[in-house]
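What follows is a short report on a single structure.
The values are calculated or read from the model by the stated rules, or taken from the named source; none is laboratory data. Keep in mind the model is a prediction, meaning the values are calculated, not measured. Note that we place each Cβ from the backbone using ideal geometry, even for glycine, and neighbour counts take in every protein chain shown.
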Amino acid sequence: MPDLLDRLHTRAPIWSAGMGGGLAGPALTAAVCEAGGFGVLGCGGALPRAQVTRLIEQTRALTSRAFGANIILPMSDGSDIEACFDARVPVLVLFWGDVQPFVADAHRREMYVVAQCGGPDDAVAAADAGVDAVIVQGCEAGGHVRARAPLAETVTQAVRMLGPVPTIAAGGLATGADIATALAYGARGVSLGTRFLASREAAALDAYKERVVAAGAGDTLMTELFDIGWPAAAHRVLRNATVEAWERAGRPPAGERPGEGEEIGTIGAGEERVGIPRYSVLPPVTDFAGDVESAALYAGESVARIDSIGDAAAIMATLMDELRAAT
């Protein structure tokens, strides 16, 4: 019987991650869809309902293909999910929380639900709640990370425990050979964040993308440092001025960290600009003005195998060529 991944009719088993804070906007989402993958719009980050609706409309203006919308549950007041329901986004991706309250309402609207999970236990709970697929992270992932074990472990266990529910692998993947390895673990597809962050369509500042390309795996750090807006949530970032100052100070707790209360930049909010404090959860998106080296630079260990910034379509083509060569 066809499952969710069959019904989406994508040519490639490749999803672009719904990176929050505006990083995965309509341009990236649509470009991945048009290139034969499955694009996921980043609607997480406490975006107001009207803005989520606008992002969905802008994406639909760029592609007629199915796409997803990602919501980060700890940062959601429910209105962003309602916007997705009203728009009947084909796939609702939910991260970091109990998905059960939303599954039936989504299914009534003929929407699919995918839960992003940190390991097999989370994945089984999501499957029991009725989701149509799961994304399972490994601890190599960039951005916010629930996983505590490597992808090889989390995905193989999840595939074994989930049975017919399709598993999508995420974390530390950047090449077609990486994708082939994940599929060999039993995953039906992959979700790539950092690889598509280094695309021209990603809504990140060029200086941020250039840091991703220049970095090695040892330049990333798992931490809870950038916690203003989302406390006590582990995330992987690139080492930068804020990280280094905190480490020199002996890694003090919140309230005692160097530069707390300082404004490192501003970002647009309608017709106004709002200040971004040091240790904010928000990354430097395209309209960020300020000190990029002090902001949260989310990136996974896959930076070690990313050496260029390119169009999303070209990235997709390269990944598919590499995948064919590796299988």
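The single condition from (1) part of a helix (DSSP H, G or I); (2) free of Cβ contacts under 8 Å to residues at least 40 places away in the same chain that residue 275 fails is (1). The residues of region 53-84 that are of a type in the set (S, T, N, Q) and out of contact with any strand residue (DSSP E or B) (no Cβ under 6 Å at 6 or more places or on another chain), listed by number, are 53, 58, 63, 64, 76, 79.
All of (1) surrounded by fewer than 20 Cβ atoms within 10 Å (Cβ to Cβ); (2) not assigned by TED's automatic domain parsing to the domain that holds residue 257 hold for residue 234 with one exception: (2).
The residue that is nearest to residue 209 (Cα to Cα), counting only those in region 1-34 that are assigned to a loop (DSSP other than H, G, I, E, B) and out of contact with any strand residue (DSSP E or B) (no Cβ under 9 Å at 6 or more places or on another chain), is 11.
Residue selection: residue 169 fails the criterion of being part of a loop (DSSP other than H, G, I, E, B) and closer than 25 Å to residue 72 by Cα. Scan region 123-142 for residues that are out of contact with any helix residue (DSSP H, G or I) (no Cβ under 7 Å at 6 or more places or on another chain) and under 28 Å from residue 238 (Cα atoms) and jot them down. Matches in region 123-142: 135, 139, 141. Set side by side, the residues 10, 63, 53 differ, and just one is among the polar types (S, T, N, Q) and within 22 Å of residue 171 (Cβ to Cβ), which is 10. Total residues in region 98-119 satisfying the condition of being under 19 Å from the mean Cα position of the chain (by Cα) and surrounded by 16 or more Cβ atoms within 10 Å (Cβ to Cβ): the figure is 9.
Keeping to region 38-70, report how many residues are within 19 Å of residue 202 (Cβ to Cβ) and without any contact (Cβ under 8 Å) to a residue 60 or more places away in the chain. So the answer is 21. Here 126, 149, 141 are screened, and the one residue that is touching a residue at least 24 places away in the same chain (Cβ under 8 Å) and part of a helix (DSSP H, G or I) is 126.
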